[in-house]
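Student: Questions regarding the structure given below will be posed in turn.
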Amino acid sequence: MAINSNHTAEDLNEVKCAIVEKNVTKERAEFLKNILEYNKFTVVIAASAPPKIKAPVASSSEATPVEEVTPLAIVEPSSFTVGVTDLMFNPINAIFGRLLKTPNGHIVTLAYWNQKESVSNDEIPYFESKK
């Protein structure tokens, strides 16, 4: 367990990993995987746990019949957790420390990381960029 939420680590597919992002779509996971693998990180992507659903609470005065349980169909996961095997990795430090590069040679900016821009414009500081 991490001291704070900035350095979380978990086992993904039985490999200890620093968590990059949780509950992301398949497309987002592929985007992050491409950036991180280009920067020579070993990436592990695992299906996120399905959300917990609260069961309805039946009062003791109501008699409800027991319903048959049908087997669940195999469902493709809708969200994923992305991690890297380098336990010292922190995405916030990597972005603002300008440690990651895009395949075309630019530095990964916050807007590019969040997929708000399709091309990383690293000449303009993040605090001067238009929101």
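Student: Output the qualifying pairs, or none if there are none: Cβ atoms under 8 angstrom, residues six or more apart or on different chains, first residue in region 23-42 and over 16 Å from Leu12 (Cα atoms), second residue hydroxyl-bearing (Ser, Thr, Tyr).
Tutor: Final answer for the pair search is Thr25/Ser78; Thr25/Ser79; Ile35/Thr102; Tyr38/Thr102.
Student: Could we say that Phe127 is aromatic (Phe, Trp, Tyr) and modelled with pLDDT of 90 or more here?
Tutor: Here the answer is no, as Phe127 does not meet what is asked.
Student: Restrict the check to region 4-16 and report whether at least one residue is at pLDDT 95 or above and assigned to a loop (DSSP other than H, G, I, E, B).
Tutor: no
Student: If you take the residues of region 17-43 that are among the β-branched types (Val, Ile, Thr) and in a loop (DSSP other than H, G, I, E, B), which of them is nearest to Gly83 (Cα to Cα)?
Tutor: Within region 17-43, the match that is nearest to Gly83 (Cα to Cα) is Thr42.
Student: Could you list all residues from region 91-123 that are surrounded by 15 or more Cβ atoms within 10 Å (Cβ to Cβ), more than 24 Å from Lys26 (Cβ to Cβ) and either at pLDDT below 90 or within 15 Å of the chain's Cα centre (by Cα) (or both)?
Tutor: Asp122
The values are calculated or read from the model by the stated rules, or taken from the named source; none is laboratory data. It should be emphasised that the depicted structure is a prediction, and the values quoted were computed from it without experimental measurement. Neighbour counts are summed over all protein chains in view; Cβ atoms, including those assigned to glycine, are modelled from backbone coordinates with ideal geometry.
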